[in-house]
1. Within the range 291-321, can you find the residues that are open to solvent by 100 Å² or more (accessible area, probe 1.4 Å) and touching a residue at least 40 places away in the same chain (Cβ under 8 Å)?
2. Within the range 60-67, does at least one residue satisfy the condition of being touching a Ser or Thr at 6+ places or on another chain (Cβ under 9 Å) and not in a helix (DSSP H, G or I)?
3. In the range 95-123, what residues are in a helix (DSSP H, G or I) and either closer than 16 Å to Asp207 by Cβ or open to solvent by less than 50 Å² (accessible area, probe 1.4 Å) (or both)?
4. Please go through the range 69-94 and pick out each residue that is open to solvent by 30 Å² or more (accessible area, probe 1.4 Å), of a type outside the set (S, T, N, Q) and in contact with a strand residue (DSSP E or B) (Cβ under 7 Å, 6 or more places away or on another chain).
5. For the structure I just gave you, tell me whether Ile152 is open to solvent by less than 70 Å² (accessible area, probe 1.4 Å), more than 30 Å from Lys299 (Cβ to Cβ) and not in a helix (DSSP H, G or I).
6. Can you pull out every residue in the range 208-226 that is in a helix (DSSP H, G or I), of a type outside the set (A, V, I, L, M) and over 15 Å from Tyr134 (Cβ atoms)?
7. Could you list, in sequence order, all residues of the range 185-207 that are assigned to a loop (DSSP other than H, G, I, E, B) and either at pLDDT below 85 or open to solvent by 60 Å² or more (accessible area, probe 1.4 Å) (or both)?
Amino acid sequence: MPVFTPQVSFVIPVYNEESNLPMLVDRVVKIMDQSAIHLEAVLVDDGSRDNSRQILQQLALSDPRFHVILLSRNHGHQLALTAGLSVARGSEGVFVLDGDLQDPPELMDTFYSKHKEGYDVVYAIREKRKEVFYKRFAYFIFYRILKKIANIEIPLDSGDFSFISRRVVDVLNKMPEESRFIRGMRTWIGFKQIGIAYDRQERASGDSKYSFGKLVQLALNGIYNFSEFPVKFVMILGGLAISSSVLYLISVIIKKMFFDQVIEGFTALLFVVILFGGIQLLAIGILGEYILRIFFQSKSRPNFIIETEILDGQVNNELEI
Ligand code: UDP
Ligand code: MG
């Protein structure tokens, strides 16, 4: 028997956040104590190597409002979030935030009341970012490029921090794609969505758990999953190469016929050979990327593996995989 039926679930992925957990838990507990609705907090341990796992286990055993799942290894933020969404029980929806207190949990009330006005998705727009200059710049450029090339209207500067209604969570849970860009999938689903501006805080402590490689991978997932631009780009490049070679040919013929000039071709030849070699390799690379994505998807592996779930203060190690 569940101790209570939550109306809203907080979903928080955690990876090596032992230094942030005490403060995060404090702030979430305060919100739960004061809230007029039933809340649960789903904390997903994404294969942490510090003490986060132990802290979360203890927490879920002592306070049944905390619903903890431990993944079998580090699956990455997007999949940890996916795992959290799959177990969240909130009957009205979920409130997604990061575990490093960059997204203030206290905004729950504001987001929830917007949802009550009839919005299925209430997403946060990062007005100001307290982050190093190059990261802010990279985010700025990425979101603007994505907006230009994506075939859906992904809002600018919105991350995963959001309130998502139950029916949208249900759709997300049914989407089997393995390379996940959740903010894009959330937009793709539709219904009524609205953005709320907020100042993104600095990470409370510790370093970012998104390595440069993971961040690039996330950006590429956004581009490949929500835009046909890479393929079109190859076609444009091909078109440009063909038209420039035709122009070149015409100029050679004209020079020969009217000015009796024979073109000395070695440098031009070398240039063209290298150019075309490069274009072809690029094209193969882009096609390869699509094939790779089809390959990974076709394996149909589960997107994440839950090793342990602690629900209503009870430990469950025998989960269906
Ligand atoms: N995170 C995770 N798995 C990872 C990387 C990050 O669960 O492989 C969590 C992390 O603990 C944090 C959230 O995802 O709660 C966002 O990560 P982070 O703050 O490092 O990203 P940033 O804010 O620097 O983009
Ligand atoms: Mg962060």
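The values are calculated or read from the model by the stated rules, or taken from the named source; none is laboratory data. Since the model is a prediction, treat every value here as computed from it, not as a measurement. So basically every Cβ, Gly included, is an ideal-geometry build from the backbone, and we count neighbours across all protein chains shown. The area values use the complete protein model at the heavy-atom level, side chains included, leaving out ligands, DNA and RNA. Shrake-Rupley method; radii C 1.70, N 1.55, O 1.52, S 1.80 Å.
1. Within the range 291-321, Arg301 is the sole residue that qualifies.
2. Checked against the condition, which is being touching a Ser or Thr at 6+ places or on another chain (Cβ under 9 Å) and not in a helix (DSSP H, G or I), the range 60-67 yields at least one hit.
3. Residues satisfying the conditions are Pro105, Leu107, Met108, Phe111, Tyr112, His115.
4. His77, Arg89, Glu92, listed by residue number.
5. No; evaluated as a whole, the condition is false for this residue.
6. Gly213, Lys214, Gln217, Asn221, Gly222, Tyr224, Asn225, Phe226
7. Phe191, Lys192, Gln201, Glu202, Asp207
To keep it simple, each residue is scored yes or no on (1) free of Cβ contacts under 8 Å to residues at least 60 places away in the same chain; (2) not charged (D, E, K, R).
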residue	(1), (2)
Asp98	no, no
Leu101	no, yes
Phe111	no, yes
Phe140	yes, yes
Tyr143	yes, yes
Ser158	yes, yes
Asn173	no, yes
